[in-house]
Amino acid sequence: KDARGQVYNVQTHTLREAWNSKQIKQTRIDMIEGRRPELCRYCWDMENEDNTDGASVRLSAANKRIPLEDIADRIEYARTHGGELDKDQLAFDFQLSIGNLCNLACKMCNNGYSTQYQKFFSRHHESPTEINFVLGKQLDLSPETRISFNTTFDWPIKLDLREIFREHVPTLKLMFFTGGEPTLIPEVVNFIDHLAEQPHDSELIVWPSTNCTNINKGLL
C-alpha cells in the first residue's frame, strides 16, 4: 500500500511507483542482508534449510530466469540506497494475469480463472453468490480477495497495456501471459504486436500460457 493506505494499482499508480514502494524497498534490503521477509514466506516454506532444494518460484527465477550476475549492479545500488532502484533499473520480468475469459472448464480450475467454469458450475450446482478466491496461495481470506462468482476480469480491455508498459519495453526480458486463455483477448494480441514493433531486447521472451485448443492464427 502507498502512503495513503491505497493498494498499488495500474489504474491509479505507475509500475515505477510500485517498483520502489516502501514494502518492496524493505523486501530488497531484507534479502540483501540475509533476512527472510514475511512477504516471501510461501517460497521459504517450500525450500529446505540450505535453500538448494524444493520447487519454489523464488529459486526458479534466481537459478534460471535471472542469473544473479545479471543484476549485480541493481543489488549494489539497492544496498547503498535504502532498497530503492534507479530510474533506469526498471522491472523486466512480468507475469500478467490477463483475465478469466476462457473456452474450457477444466476440472482443476475455478471461477477466478475461467468464465466457462463459472457457467458449468452454475448449471450443475446451486449458484453461490460469493466464493473465496485465494490469491497467491497465501490463504488470504480478507474481503479484498473475495470476488463475486460471475465476475469477468477484463482490466486489459479497459486499460491500454501499451501505455502501462511504455517506459519498460526497451528493457523487457520476459512477458508471461496467463489467463483464462490470454490468446482469446484481442488487446493482448495487439500488445504483443506492439512489443514486436518497438525497439526491444533481442532476447525478449513472450510466453502466452495457452490450452492450444483455439489458437489465434494472427498470433501464430
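The values are calculated or read from the model by the stated rules, or taken from the named source; none is laboratory data. No experiment lies behind these values; they were computed from the predicted model shown. Positions of Cβ are backbone-derived with ideal geometry, glycine not excepted, and every protein chain shown enters the neighbour counts. Ligands, DNA and RNA are stripped out before the accessible areas are found, and what is left, the full protein with its side chains, is counted by its heavy atoms. Shrake-Rupley method; radii C 1.70, N 1.55, O 1.52, S 1.80 Å.
Scanning region 81-99 for residues that are polar (S, T, N, Q) and under 11 Å from Leu174 (Cα atoms) gives a single hit, Gln95. Whether a residue is in a helix (DSSP H, G or I) and modelled with pLDDT of 80 or more was assessed, and Phe120 passes this test.
The helices (runs of 4 or more DSSP H) located wholly in region 1-100 that include 3 or more residues which are closer than 27 Å to Trp207 by Cα and not hydroxyl-bearing (Ser, Thr, Tyr) occupy 15-19, 41-46, 57-60, 72-80.
Residue count for region 1-38, restricted to those that are of a type in the set (A, V, I, L, M) and open to solvent by 90 Å² or more (accessible area, probe 1.4 Å): 2. Condition first: aliphatic (A, V, I, L, M) and open to solvent by less than 40 Å² (accessible area, probe 1.4 Å). Now tell me which residues in region 64-90 satisfy that. Matches in region 64-90: Ile66, Ile71, Ala78, Leu85, Leu90. Selection over region 180-199 of residues that are outside any helix (DSSP H, G or I) and open to solvent by 80 Å² or more (accessible area, probe 1.4 Å) gives a count of 1. Scanning region 91-108 for residues being over 15 Å from the mean Cα position of the chain (by Cα) and crowded, with 18+ Cβ neighbours inside 10 Å gives a total of 2.
Scan region 189-220 for residues that are at pLDDT 90 or above and either under 19 Å from Tyr113 (Cβ atoms) or under 17 Å from the mean Cα position of the chain (by Cα) (or both) and the total you get is 12.
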